[in-house]
Amino acid sequence: MKFPGSVLISLVLFVSETAAAVCLSRGYRDQGDHMWRMLTLLFALVPCALVQLSLCFIHRDVTRDRPHTLGMLLVLGPCVEAFYIYFSAERVEEPYVSITKKRQMPKDGYSEEIEKEVGQAEGKLRTHRSAFSRASVIQAFLGSAPQLTLQLYICILQQEVTVARSIFMVLSLLSIVYGALRCNILAIKIKYDDYDVHVKPAAYLCIFMWRSFEIATRVAVLVLFGSVLRVWVFLVVLLNFLGFFFYPWIHFWLSKSPFPENIEKEVSRLGTTIVLCLLTLLYAGINMFCWSAAQVELSDPDLISKSQNWYQMTVYYIVRLMENAFLLLMWYIYRTDFYLYVCAPMLFLQLLIGYCMGIFFMLVFYQFCHPCKKLFSSSITEALFSCFNILYIICQHHKSTLLKGKVAMKSPENTDEARGSSKTIDPQNRSVHQSASSNA
């Protein structure tokens, strides 16, 4: 039975970040910064409530089909139970086992199906891991990401980086990166549920580097832009958030699929709508800061798209890179006197290169380290080349239309010159004819 290390990491990050938020808010209270204190507590407590809701909804007791009473109040309850199941599984003989069928990764075009016995304790432990993985994603993008953005913004306004705030920002960044990593692993396991998936350490390293560069640069760009254009940053954030929030609903409406009714047996239609809204809220929060590895599809029974859409990912990163470059350009133009002692062009290039480094590690992961790369019908590099070819064709077509427009603009002038030259030539010809007739 696999050690529940992901449960322990989730618990450590959750408790340490919450404790750091409480200590930092107490420091804000002593300094008289009541607004920063309230916002810090808000971004710390709201994801706690959402994590509890997710544990109550997802984390079910297998035998009684109801939420854990201890897990409803504390995250520590399911964690203690997970470790209790792990350490007591070898001493207790399980009377019930289930058989699961998984297919191995194809070798030489052949995939073998294997059967594995799964005990009741191992099934419960998988439920714990799944619940804590989803809780880590919620905590990361609905709590840690806004918290990191807020604290970095406070550092720029106060022109000071304290030890407590720096520790808190490091914990928040680790929480976001870990949540993004769990999101990637969950997406792989959902999309390839029929296969026995094993993620290697090199894949974990690539995902960690990819998400670290992508999220850190994105937060830095938003904070720099917001420090000089405070009103416009709300418009940028609102447009991004609403766009990603309504995108799954618009796609669902255009598909004309029936309303999903199989999410939970005991949940009414209103409750199902609330759950779907919370899911799209989380989807928008993830895409605000990084690419969501799992694409929400409300018409699918699992609510997750199982197709690998390289073109959608390529368009996302191209648009996001252009947006980051534009926001940095606006910061460079409207930067205040505070940035006189900062090499602005170097910071501009470093942030863009950092985001490109994240894209590089993403390409390495999908091209070489993805555990299911043998099942891809096409690679991400082929999708990139095809997108670049499409852009090249569009540019060439635009150039050709411009050249045709220039030729059309020049053609009337050429005709006028031709008419003028013909008028000058005709009198010369007439004079030549007259001289020839007089000589005759």
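The values are calculated or read from the model by the stated rules, or taken from the named source; none is laboratory data. If you're wondering where the values come from, they're calculated on a predicted model, not measured in any experiment. When we count neighbours, we look across all protein chains shown, and the Cβ atoms used for this are built from the backbone with ideal geometry, even at glycine.
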Completion exercise
Looking across the range 163-184 at residues that are under 19 Å from R26 (Cα atoms) and in contact with a helix residue (DSSP H, G or I) (Cβ under 8 Å, 6 or more places away or on another chain), the single one that is surrounded by the most Cβ atoms within 10 Å (Cβ to Cβ) is S172
Fill in the blank from the handout: So, first residue outside the structural domain of C155 (by TED's automatic domain parsing) and more than 14 Å from L148 (Cβ to Cβ) in the range 217-234, second residue among the charged types (D, E, K, R) and surrounded by fewer than 20 Cβ atoms within 10 Å (Cβ to Cβ), Cβ within less than 7 Å, six or more apart or across chains; the pairs are V228/R335
Fill in the blank from the handout: Sole miss for S166 among (1) assigned to a helix (DSSP H, G or I); (2) among the small types (G, A, S); (3) touching a residue at least 24 places away in the same chain (Cβ under 8 Å) is condition (3)
Handout entry: Criterion violated by Y334 - all others in (1) touching a helix residue (DSSP H, G or I) at 6+ places or on another chain (Cβ under 9 Å); (2) surrounded by fewer than 16 Cβ atoms within 10 Å (Cβ to Cβ); (3) under 27 Å from R134 (Cβ atoms) satisfied
Key = (3)
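In the range 5-51, what residues are farther than 18 Å from S175 by Cα, within 28 Å of the chain's Cα centre (by Cα), buried (at least 18 other Cβ atoms within 10 Å of the Cβ) and of a type outside the set (F, W, Y)? Even if it seems obvious, please write down each step before you answer.
Taking the range 5-51 and keeping what is farther than 18 Å from S175 by Cα, we get 25-39.
Those left that are additionally within 28 Å of the chain's Cα centre (by Cα): 36, 38-39.
Then drop every residue that is not buried (at least 18 other Cβ atoms within 10 Å of the Cβ), which leaves 36, 39.
The one that is farther than 18 Å from S175 by Cα, within 28 Å of the chain's Cα centre (by Cα), buried (at least 18 other Cβ atoms within 10 Å of the Cβ) and of a type outside the set (F, W, Y): L39.
Say we look at the range 335-360 and pick out the residues that are among the β-branched types (V, I, T) and part of a helix (DSSP H, G or I); which of these is nearest to the chain's Cα centre (by Cα)? Break it down into steps so the answer makes sense when it comes.
Kept after step one, since they are among the β-branched types (V, I, T), are these residues of the range 335-360: 336, 342, 353, 359.
Now narrow it down to the ones that are part of a helix (DSSP H, G or I): 353, 359.
Numbers: I353: 18, I359: 12 Å.
Among those that are among the β-branched types (V, I, T) and part of a helix (DSSP H, G or I), it is I359.
Each row is one residue, and each column tells you yes or no for (1) at pLDDT 85 or above; (2) within 19 Å of the chain's Cα centre (by Cα).
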site	(1), (2)
Q120	no, no
K124	no, no
T127	no, no
A135	no, yes
I138	yes, yes
F141	yes, yes
A145	yes, yes
L152	yes, no
I156	yes, no
Handout entry: Checking L254 against (1) over 16 Å from the mean Cα position of the chain (by Cα); (2) under 18 Å from N324 (Cβ atoms); (3) among the aliphatic types (A, V, I, L, M), the condition it does not meet
Key = (2)
Handout entry: Some residue of the range 317-334 being in a loop (DSSP other than H, G, I, E, B) and assigned by TED's automatic domain parsing to the domain that holds S227
Key = yes
Practice task
Write out, first by first residue and then by second, each pair whose Cβ atoms fall under 6 Å of each other, whose residues are 6+ apart or on separate chains, and whose first residue, in the range 362-377, is surrounded by 16 or more Cβ atoms within 10 Å (Cβ to Cβ) while the second is β-branched (V, I, T) and outside any helix (DSSP H, G or I).
Solution key: P371/V197; P371/V199
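If I ask for residues that are under 15 Å from N324 (Cβ atoms) and either modelled with pLDDT under 90 or of a type in the set (A, V, I, L, M, F, W, C) (or both), which ones from the range 194-227 would you list?
If we filter the range 194-227 for residues that are under 15 Å from N324 (Cβ atoms), which is where we start, we get 213-226.
Hits for the range 194-227 are F213, I215, A216, V219, A220, V221, L222, V223, L224, F225.
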